[in-house]
1. Could you list all residues from the range 129-165 that are in a loop (DSSP other than H, G, I, E, B) and not polar (S, T, N, Q)?
2. If only one of E271, E286 is more than 16 Å from ligand 2 (Cβ to nearest atom) and either out of contact with any helix residue (DSSP H, G or I) (no Cβ under 8 Å at 6 or more places or on another chain) or among the aromatic types (F, W, Y) (or both), which one is it?
3. Name the residue, out of R95, R37, R64, R32, that is farther than 17 Å from C260 by Cβ, away from ligand 2 (no atom under 16 Å from the Cβ) and not in a loop (DSSP other than H, G, I, E, B).
4. Pick from the range 125-172 the residues that are in contact with an Asp or Glu (Cβ under 7 Å, 6 or more places away or on another chain) and of a type in the set (S, T, N, Q): which of them is surrounded by the fewest Cβ atoms within 10 Å (Cβ to Cβ)?
5. Only residues that are within 13 Å of ligand 1 (Cβ to nearest atom) and touching a strand residue (DSSP E or B) at 6+ places or on another chain (Cβ under 8 Å): list them for the range 131-141, please.
6. Could you list, in sequence order, all residues of the range 207-262 that are within 24 Å of S148 (Cα to Cα) and either within 14 Å of ligand 1 (Cβ to nearest atom) or of a type in the set (S, T, Y) (or both)?
7. Can you tell me how many residues in the range 253-268 are aliphatic (A, V, I, L, M) and within 16 Å of ligand 2 (Cβ to nearest atom)?
8. Out of curiosity, is L217 closer than 22 Å to A251 by Cα and either away from ligand 2 (no atom under 13 Å from the Cβ) or over 17 Å from the mean Cα position of the chain (by Cα) (or both)?
Amino acid sequence: MRTMKHLLSLEALSGTEMREILNRVPAFKNRRGQHDRPLAGQTWALIFSKSSTRTRVSFEVGLRELGAEVLFLNAGDIQLGRGEPIKDTARVLGRMIHGAVIRTFAQQDVEDFAQFSGIPTVNALTDAEHPCQILTDIFTFEEQRGQSIQGKVVTFVGDGACNVPASWIWAAARLGFELRIAAPKAYQPDAELVRKAGGSIHCTEDLDAAASGADVLYTDVWVSMGKEAEGAQRLKDLAGYQINDALVSRANPGALVMHCLPAYRGKEITEETLEAHADTIFREAENRLHTQKAIVDWMVR
Ligand code: CP
Ligand code: NVA
């Protein structure tokens, strides 16, 4: 019997599975609108407890292009937002729809939804991970450079303790590239997570050293969704952990500057550096669509 596939985290994927997904992306990108529709006759739901532009639109469009009808459910509009347990919501929806894409706070909620719904479930960002983003970023690097990311150096700058660097950590460990995380001590990833992942992962406060010889400089917002109350303190603590032209000059020639977006200019990246690398950064955003179609196709076939 075929076991049901989910995409709940990169931690749960092997390097081989990541490659199976990445290898499917070009077909979806090149044959947009002219590929199979494996979700024909199905209804999928997006259940979001946090804001989204890229993830919401790319999943709504991508699932439709794969043949599905799509429901967007703002968690605040359904009983989940009034305290109905996730396992009850999952058991109801699992009897009515064919797949779910969830953006929420606790990782356990997407794990529970997958378990209790019995339908394919995608993590569209939790406090712990953003797996669809990082698979997209790796596809984008390899597409743009025409080379495997294996053996390359990715330097993450900024809040190293949030969901985006956590998914980078698992990707680095599984796909064999070096990951450097440049962040103040209090914003470095949990040491136990880094130890558990293994691979070549280095955390440092020395931004210039981390950028030296990098093939990718990557950043994310300093104030993640859910951390707004700490906003002013975070801006103070993270000041300086910014991607700017001076930092880019330390990286390898031709290094890619990447950002998952949304970007806050003058904070984690300067206006000039963002605009100079807009081709890569907005290509990442576009590739969310193609990569997520490949993810869903991999899950349901
Ligand atoms: N990068 C990303 O996930 O963007 P959204 O929050 O707009 O979905
Ligand atoms: N770390 C950010 C990512 C946004 C796409 C957040 O969680 O808000």
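Each reported figure results from applying straightforward, stated rules to the coordinates on display, with no laboratory input. Nothing here was measured: the structure is a model prediction, and the numbers come from that model. Please note: Cβ atoms are built from the backbone with ideal geometry, for glycine as well, and neighbour counts cover all protein chains shown.
1. Selection gives E129, H130, G146, I149, G151, K152, G158, D159, G160, A161, C162.
2. Within the list E271, E286, the selection yields E271.
3. Residue meeting the stated conditions: R64.
4. Selected residue: S148.
5. Within the range 131-141, P131, C132, D137, T140 qualify.
6. S212, Y218, T219, D220, S249, M258, H259, C260, L261
7. Final tally of qualifying residues: 3.
8. On the way: closer than 22 Å to A251 by Cα: yes; either away from ligand 2 (no atom under 13 Å from the Cβ) or over 17 Å from the mean Cα position of the chain (by Cα) (or both): yes.
So L217 passes the test.
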